[in-house]
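Chemist: Attaching a single structure in structure tokens format; questions to follow.
The values are calculated or read from the model by the stated rules, or taken from the named source; none is laboratory data. These numbers were taken from a predicted model, which means no experiment stands behind them. Don't worry about glycine lacking a Cβ; one is built from the backbone with ideal geometry, like all the others, and counts go over all protein chains shown.
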Amino acid sequence: MMLRRSAVKPLKTVQLGVCNAVRAGSIGMLGRHLANVVLSERAYHPSQVVGRKPFDAGSDKKNKQVRQGKNNAGREEQKVDPASPWRHELLSFDECVSSALKYSTTPLQNTYKRMDNSRLNTHPSFALFWDSMGRAMELYYSLRESSDFNAYRVSRLIHLLHNGLRSTRDQLVKLSRKPDYDSQSFHKEMINFLCNSLKDISDDVLANKVPINGYGATHLLTSFKELSFNDDCIQIWETGKTSPNEATSQAFQEPKVVGFMLPLIYAKTQSLTEPNELYNQVIQSKEFTHPNLYSGLIKVFIKAEDYEKALSLFGQLCEKAEVRNYGYLIETHLSFISDSKNLTLAESFFDKIINDEMPYKIILQVSTVNSFLKNIWKEEKNFDYVYKIWEKAVQFYGSTVNPGILSSLNNTFFTIFFENFINDNIKGFHKLQEIITFYSGVKKIDEPFFNVMLTKATTWHERSIIDFIDKNYTLYHIPRTIISYRILLKSLGSIDNTTNEEILNKWLELVKKLDELGQQYIANADLSALRDATVVWAQLKKDEKALAAQSEAAPTETTTNDINTKDPLEPLKNDELSSNSEDRIVQYLKILKRYTPFFRAPKQVYRYTTGCAESYPILNEYLQGYSNISAEDIPVPELHSFVPREH
């Protein structure tokens with residue numbers, strides 16, 4: 001997200017266009033108007049450095065004064081009485097929080113610095129950041145007894161925890177593959193630490209043990225929302241605003257806090273009474289209240305499909321916003337894309353980002369695009385429309401975006417794709433080839449692309465499409481990780497015409513890859529893939545048979561088109577392969593028994609036998625004879641890194 005500092009006048013141009021369309025009372029007209037807005041006074045473009053308008057000096061001076069005022073106030077709040085018995089702890093706390101905050105700049109500060117993600121994540125020391133945060137929390141538990149531990153300090157600590165939460169979530173998104181959840185992940189540990197810390201602080205605030213200001217309340221509530229604890233978030237806010245402590249009550253009723261809470265409250269109550277009252281106050285007021293209140297109201301009215309009020313407020317925000325408020329403009333811009341059921345309006349805002357037509361630079365969040373795709377599919381069931389937006393997004397992200405971003409986008413897209421073509425595999429296959437060709441023209445195809453495709457393709461229950469995707473890994477010279485081996489083994493549970501020999505071969509390929517990578521044991525993820533290819537398939541077949549016995553199957557009609565249509569997947573099919581439920585389950589138990597010495601812990605045996613039977617009861621029929629099963633015919637390849645577990 002980059003700031004275009006001299007974009008004040010262009011923002012007003014946008015605002016006038018919005019207001020005119022709103023006054024006309026036509027959303028359709030507004031959509032066309034937004035699509036044709038020309039920002040004649042654009043402040044920045046990579047190819048238009050010459051003729052760039054200078055920044056508004058008055059606005060710059062005002063922003064600088066505001067920042068200086070906040071900094072001065074902060075210094076006053078951080079003063080420590082030399083005679084205070086808590087002096088040493090307070091100074092240590094301030095140092096820890098200040099140094100850690102420097103390592104975790106907020107999104108708005110990132111836009112000023114124009115730093116890319118790689119620089120942000122690697123400089124300065126990531127470990128030092130977490131050490132400072134941990135030390136700050138240790139000091140918090142002792143300092144909360146001190147009268148010198150004021151609202152400013154508590155709120156800065158909450159801000160730091162919120163930044164830590166964002167950083168951890170960003171790291172998970174940017175991973176090229178999912179972490180192995182069998183191991184004690186660093187990210188999981190940090191999430192637990194952050195949750196517990198935020199919970200402790202919120203309890204102390206509501207019990208009036210520590211003070212808080214509006215700045216801290218906003219970060220506290222935002223953190224709980226980002227952790228998906230919406231009910232806790234609402235409860236904290238409702239308790240906080242009615243606190244007997246006047247300062248705490250006022251903190252939770254500040255406009256920026258109320259603005260944040262409005263969408264959550266509306267989602268729970270579906271009431272527009274309070275938003276409408278606030279809307280009238282904001283529209284009639286000559287003063288510019290906190291932009292977060294505008295943002296909250298806009299989100300509510302988008303959800304309520306009252307687009308005229310949403311756009312009217314957006315117009316006011318455009319007119320009154322200064323450079324330091326651009327983050328709120330960007331946030332509401334994305335809300336029009338992700339939450340609007342008026343797809344014309346959503347696409348207008350989407351295209352403004354794609355075509356780089358706004359006076360502020362926006363990072364197009366993949367979650368926003370995913371929501372837009374889902375809304376298109378839900379509202380219109382129009383795959384061509386979905387495909388068009390997906391194409392634009394892929395081209396916009398290009399070849400340099402983090403793999404996790406495109407994996408998320410492709411996950412949503414292929415879910416819709418395979419649902420759309422579930423009854424027309426032939427047409428779907430041709431479209432899939434077109435998609436692969438397009439994608440390879442934008443960026444080099446990587447493993448996650450085919451991993452997502454293969455995972456979603458199982459909904460077709462078609463061997464030929466699994467084999468087709470499998471061959472493309474080799475065709476596009478893609479180095480394969482353990483992830484694709486697991487997915488391929490798991491995918492056998494989606495097709496009927498396979499054999500135990502094929503399941504065993506995929507298992508052996510997986511084990512050899514694990515050994516090649518230096519793994520010392522069989523992980524839960526490996527055993528889950530084997531379970532899905534065998535036990536889960538058998539349970540599904542049993543359930544289908546029971547359902548069929550309850551109702552007569554409808555007669556199948558064969559049409560001339562069905563007979564004459566040539567299936568492009570036919571050369572890949574092998575109908576001679578087959579297996580029944582008993583065969584697959586016995587094969588599962590034999591492999592399990594043969595490889596038990598290479599399990600990480602004895603509890604894995606229980607988890608994938610008795611524990612597995614709790615979810616898939618068909619397995620119970622075979623567990624009594626598990627101890628007598630001979631697994632000598634199951635081969636174990638020559639292993640170099642695996643360490644057999646001692647009994």
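Chemist: If we scan region 417-425, do we find a residue that is touching a residue at least 60 places away in the same chain (Cβ under 8 Å) and under 23 Å from residue 461 (Cβ atoms)?
Modeler: yes
Chemist: Can I ask one more? Residues that are in contact with a Pro (Cβ under 9 Å, 6 or more places away or on another chain): list the helices (runs of 4 or more DSSP H) wholly contained in region 269-346 that include at least 2 such residues.
Modeler: Here the list reads 291-303, 307-320, 326-339.
Chemist: If I filter region 97-107 for residues that are part of a helix (DSSP H, G or I) and modelled with pLDDT under 75, do I get at least one hit?
Modeler: Scanning region 97-107 turns up at least one residue that is part of a helix (DSSP H, G or I) and modelled with pLDDT under 75.
Chemist: Let me ask you something else. Counting only residues that are over 26 Å from the mean Cα position of the chain (by Cα) and crowded, with 17+ Cβ neighbours inside 10 Å, which one in region 473-490 is nearest to residue 507 (Cα to Cα)?
Modeler: 489
Chemist: Under 26 Å from the mean Cα position of the chain (by Cα) and under 15 Å from residue 432 (Cβ atoms), is that true of residue 456?
Modeler: yes
Chemist: Of all residues in region 637-647, how many are surrounded by 14 or more Cβ atoms within 10 Å (Cβ to Cβ) and either of a type in the set (S, T, N, Q) or modelled with pLDDT of 95 or more (or both)?
Modeler: Residues that pass the stated criteria total 0.
Chemist: Within region 195-246, count every residue that is out of contact with any helix residue (DSSP H, G or I) (no Cβ under 7 Å at 6 or more places or on another chain) and in a helix (DSSP H, G or I).
Modeler: Residues in region 195-246 being out of contact with any helix residue (DSSP H, G or I) (no Cβ under 7 Å at 6 or more places or on another chain) and in a helix (DSSP H, G or I): 10 in total.
Chemist: Counting only residues that are more than 26 Å from the chain's Cα centre (by Cα), crowded, with 18+ Cβ neighbours inside 10 Å and free of Cβ contacts under 8 Å to residues at least 40 places away in the same chain, how many does region 426-444 have?
Modeler: 1
Chemist: Filter region 495-508 down to residues that are within 32 Å of the chain's Cα centre (by Cα) and either part of a helix (DSSP H, G or I) or of a type in the set (Ser, Thr, Tyr) (or both) and give me whichever is surrounded by the fewest Cβ atoms within 10 Å (Cβ to Cβ).
Modeler: Only one residue tops the list, namely 506.
Chemist: May I ask you to list the residues in region 366-403 that are surrounded by 15 or more Cβ atoms within 10 Å (Cβ to Cβ), in contact with a helix residue (DSSP H, G or I) (Cβ under 7 Å, 6 or more places away or on another chain) and assigned to a loop (DSSP other than H, G, I, E, B)?
Modeler: 402
Chemist: Name the residue, out of 265, 191, 234, 201, that is modelled with pLDDT of 95 or more and surrounded by fewer than 23 Cβ atoms within 10 Å (Cβ to Cβ).
Modeler: The unique qualifying residue is 234.
Chemist: I'd like the full set of residues that are free of Cβ contacts under 8 Å to residues at least 40 places away in the same chain and closer than 18 Å to residue 154 by Cβ, limited to region 212-232.
Modeler: 224
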